[in-house]
1. Using the heavy atoms of the protein chains alone and a 1.4 angstrom probe, what is the accessible area of segment 230-284 per residue in square angstrom?
2. With contacts defined as alpha carbon pairs under 8 Å and 6 or more residues apart, what's the relative contact order of the chain in percent?
3. Find the eigenvalues of the gyration tensor of the Cα atoms of segment 79-170, then list the square roots of 5 times those eigenvalues as equivalent ellipsoid semi-axes, largest first, in whole angstrom.
4. Quick one: work out Rg over Rh on the C-alpha atoms of segment 30-107, Rh as Kirkwood radius.
5. Among the listed pairs K59/K194; K16/K118; K105/K151, which are separated by more than 30 Å between their Cα atoms?
6. Between segment 79-113 and segment 274-328, what is the C-alpha centre distance in whole Å?
7. Please list 89-97, 254-262, 21-29, 55-63 highest first by mean number of surrounding beta-carbon atoms within 10 Å per residue.
8. Regarding the chain, what are the three Cα extents along the principal axes, ordered largest first, in Å?
Amino acid sequence: MTDRQFVFVVPEQFVKVRHQFEWAEAQHITFDYLTSAEAAACTQGGMLACSWRICRVVKRRIKKHKADRVFAITLMAHLPFAPFVYGRKVKLSGIIYKIYLYEWKAASWLRRAMDVLKYGLMRTFGCFDQIFILNDRAAARRLNRIYRTTKFHYLPDPYVGLPQAAERNQTRRELGLAEDQRLLFHFGALAERKGTMRIVESLAHLDEEQCRRYVFLFAGRVQADIREAFYAGVEAQKGRVRVIVEDDFCSYERLASLCAASDLLLMPYLETAQSSGVIGYASQFGTPVLASDRGLIGKLVRRYGLGYRTSVDPEALAAAYRQHTHDAKVCSSEYVTTHRVSEFQSELKEIL
């Protein structure tokens, strides 16, 4: 789209990680870096305070670059102040990840009121242009019916394939796994919302045979909200079941090797109203997931044949491990073939 000028406003820390990908030179694309102070201001404090600061930062960039369109990677972070700060001449589009429809029944009256307010603003104000619902075509259609608009559109979650993995048996040998042992892998930001502690607590419900056959691998930075409890829980099971912890950033190469070497990817997330990149890794490497049976995540796992769904309490997880041992499912590759970057690009180009 060389007939348009694009400015990507990203934190200055982007420079430290941009080497992970190759970036072709393009005359119509520039980067504008947020200072550390600006980035911190946009993420600290309550929802309303963050929204106000984000809008102030973006407004400065709109003036600086004389922009007439803004595409927000996380649209909800700009609400409720965006229509009042950006003005009528700027068209705002963006992506919505968390779909409140899945949480409506369990939500408090205040949470419901905030959701209705935000979506009401998007419907009413003309500055909101095209709004993309990530990975849920049915939800986009339903939101259009509820709010009597055509602004909501489906957007596939683009999957960027991982590099060629090391040979499966080589990685398993490096980890010291016996042939009959099963590797259960949980990765990413290890936090309460990811169900990390539910996995740790499930170890206490394993029988003797499971303790012998299962090896649990955690890879990724253990977040502060669970760090103490996590290591205490792992230590409590020492000598009973083998647990490997790689408490650090996991490179793409390492992640590919571990996904290929695993028998089950664990994603018992407590927040299920949005998609997850883990299901893309499962589909690429043919390694089934064990996920919540609720929300959008449960729906995607079922729709694309990606593995097992269960309640995420510790006892149910332990029972699901046992089911996997006796009923090994084949993980479909359909998801990665329908969520390529080209499909993501096509949807954006067609609407924008």
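1. It amounts to 39 Å² per residue over segment 230-284.
2. Values: 553 pairs, mean separation 47.3, N = 352.
The normalised contact order for the chain reaches 13 percent.
3. Details: eigenvalues 200, 68, 34 Å².
Working from the Cα gyration tensor, I get semi-axes of 32, 18, 13 Å.
4. Here the Rg-to-Rh quotient is 1.01.
5. Result: K59/K194; K16/K118 exceed 30 Å.
6. Cα centroid of segment 79-113 versus Cα centroid of segment 274-328: 29 Å apart.
7. Details: 89-97: 18.6, 254-262: 22.4, 21-29: 8.4, 55-63: 16.4.
With the highest mean Cβ count within 10 Å placed first, the list reads 254-262, 89-97, 55-63, 21-29.
8. 66, 48, 38
The values are calculated or read from the model by the stated rules, or taken from the named source; none is laboratory data. As the structure is a computational prediction, the values presented were derived from the model and not from experiment. Reconstructed Cβ throughout: ideal geometry from the backbone, glycine too, with neighbour counts over all protein chains shown. Surface accessibility is based on the protein's heavy atoms, side chains included, excluding ligands, DNA and RNA. Shrake-Rupley method; radii C 1.70, N 1.55, O 1.52, S 1.80 Å.
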